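Q: If you scroll down you'll find the structure; I have some questions about it.
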Ligand SMILES: *Cc1c(COP(=O)(O)O)cnc(C)c1O
């Protein structure tokens, strides 16, 4: 028998979440952000869940874009980092992709290659995140150079918000963006998940929801995924494979970081950091055993972690455990571990078998 750990991916929930994002986008198109193998959920699962209804897709790798095209999808596919070298351009054109043009190097590549086929591009503006994009100093010139290239068809200015999820919000970045694009009358692409939820008025014509598709909240401290109306997509589960009874003063796990202050029963779960569970999840991180909440104890090992069964008399070897997903929000586990659900999802290890719950239609 293989180790009892598995991840299940619920396609119905994934479809529900895309439809939620699309609905939130109003008249704008919602490009599903499926980078990083659909945030660890499997690109093919994303295709199966919403490939037929998505307005478009956004990702990073040309190889991933090719998988979408090979699945027969004809919608626009945005390359959020654009292309990296001149040789990429041929594939971009062959696959009909929409690259972001975010810097001088890419503009030069395009000007040198002067491709024949029509090319749609996103013109990235650095409105304050200072990661990628043109600024007030060079945006106008970049736009003019793109417009003078016969191969370039549609140009969609875009920007990315650094603080759509917190108290600072988007106003400052939006005003920078608007000052550069306001008079152009061009469609624009602005909102990530947090902006879509909090500032729908700034959706633009193309939204780029990511985490909400996968049932994570972009701002879990303010609003849980459930309160937003999202459904969990990935459930990571395993089983108790051993138990120990310990006494006051006994310690648990590597480094002995947890000390019992009375008699306790410990459950050992077949899940560790080599499965993608965060090693830095401290004692107290929530976990479900037999559907009941308890807590992780001590340090997470490579292949196992310990949890508290002291008040769960019925739990023993073989009792099912949920690490996150149905019944326990990934956001809660992430917050306890000092990270975000994005990282938990993306870190799911290749050694964990994935079970797909299909669409009921
Ligand atoms: C990842 C990404 C998104 C999606 O962000 P979420 O917070 O997951 O909604 C949107 N736009 C760009 C440019 C991104 O890199």
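Q: Residue under question is residue 21, and the condition is that it be touching a strand residue (DSSP E or B) at 6+ places or on another chain (Cβ under 6 Å) and modelled with pLDDT of 95 or more; does it hold?
A: Here the answer is yes, as residue 21 does meet what is asked.
Q: I want to confirm something. Restricting to the stretch 305-346 and keeping residues that are assigned to a loop (DSSP other than H, G, I, E, B) and within 15 Å of the ligand (Cβ to nearest atom), which single residue is nearest to the chain's Cα centre (by Cα)?
A: 340
Q: Same structure, new question: For the stretch 181-202, enumerate the residues that are in contact with a strand residue (DSSP E or B) (Cβ under 9 Å, 6 or more places away or on another chain), within 15 Å of the ligand (Cβ to nearest atom) and part of a loop (DSSP other than H, G, I, E, B).
A: 188, 190, 191, 192
Q: Can you name every residue in the stretch 23-72 that is crowded, with 16+ Cβ neighbours inside 10 Å and assigned to a loop (DSSP other than H, G, I, E, B)?
A: Matches in the stretch 23-72: 25, 28, 34, 40, 41, 42, 51, 54, 55, 60.
Q: To continue, here is another question. In the stretch 95-124, what residues are in contact with a strand residue (DSSP E or B) (Cβ under 6 Å, 6 or more places away or on another chain), under 15 Å from residue 143 (Cα atoms) and buried (at least 22 other Cβ atoms within 10 Å of the Cβ)?
A: Selection gives 99, 100, 101, 102, 119, 121, 122, 123, 124.
Q: What is the number of the single condition among (1) surrounded by 13 or more Cβ atoms within 10 Å (Cβ to Cβ); (2) without any contact (Cβ under 8 Å) to a residue 24 or more places away in the chain that residue 359 does not meet?
A: Single failed check for residue 359: (2).
Q: Right, next: Under 6 Å between Cβ atoms, which residue pairs at least 6 apart in sequence (or on different chains) link something in the stretch 205-216 that is under 11 Å from residue 194 (Cβ atoms) with a partner that is part of a loop (DSSP other than H, G, I, E, B) and more than 9 Å from the ligand (Cβ to nearest atom)?
A: Filtered contacts from the stretch 205-216: 212/230.
Q: Just checking, which of 334, 315, 270 is in contact (Cβ under 8 Å) with a residue 24 or more places away in the chain and under 19 Å from residue 224 (Cβ atoms)?
A: The conditions single out 334.
Q: Let me ask something else about it. How many residues does the stretch 164-180 hold that are crowded, with 16+ Cβ neighbours inside 10 Å and either over 30 Å from residue 112 (Cα atoms) or more than 16 Å from the ligand (Cβ to nearest atom) (or both)?
A: Residues in the stretch 164-180 being crowded, with 16+ Cβ neighbours inside 10 Å and either over 30 Å from residue 112 (Cα atoms) or more than 16 Å from the ligand (Cβ to nearest atom) (or both): 8 in total.
Q: While we're looking at this one, here's another question. From 177, 161, which residue is at negative phi and touching a strand residue (DSSP E or B) at 6+ places or on another chain (Cβ under 7 Å)?
A: 177
Q: A further question follows. Run residue 300 past the list (1) in contact (Cβ under 8 Å) with a residue 24 or more places away in the chain; (2) outside any loop (DSSP other than H, G, I, E, B) and report the number of the one that doesn't hold.
A: Tallying (1) in contact (Cβ under 8 Å) with a residue 24 or more places away in the chain; (2) outside any loop (DSSP other than H, G, I, E, B), residue 300 fails exactly one: (2).
Q: Within the set of pairs 6+ apart or on separate chains, which have a first residue in the stretch 158-180 that is closer than 15 Å to residue 134 by Cα, a second that is modelled with pLDDT of 95 or more and more than 16 Å from the ligand (Cβ to nearest atom), and C-beta atoms under 6 Å apart?
A: Final answer for the pair search is 180/139.
Q: Here's something else I'd like to know. In the stretch 203-231, how many residues are farther than 27 Å from residue 345 by Cα and assigned to a loop (DSSP other than H, G, I, E, B)?
A: So the answer is 1.
Q: How many residues, within the stretch 1-22, are assigned to a helix (DSSP H, G or I) and under 17 Å from residue 359 (Cα atoms)?
A: The number of residues fulfilling the criteria is 10.
Q: I've got another one for you. So how many residues does the stretch 73-90 have that are within 26 Å of residue 217 (Cβ to Cβ) and part of a loop (DSSP other than H, G, I, E, B)?
A: 2
Q: From the list 77, 53, 9, which residue is touching a strand residue (DSSP E or B) at 6+ places or on another chain (Cβ under 9 Å) and more than 16 Å from the ligand (Cβ to nearest atom)?
A: After applying the criteria, what remains is 9.
Q: Continuing with this model, one more query. Give the residues of the stretch 130-153 that are surrounded by 14 or more Cβ atoms within 10 Å (Cβ to Cβ) and in a loop (DSSP other than H, G, I, E, B), sorted by residue number.
A: 132, 133, 135, 138, 149, 151
The values are calculated or read from the model by the stated rules, or taken from the named source; none is laboratory data. The structure displayed is predicted, hence computed values, not measured ones. When we count neighbours, we look across all protein chains shown, and the Cβ atoms used for this are built from the backbone with ideal geometry, even at glycine.
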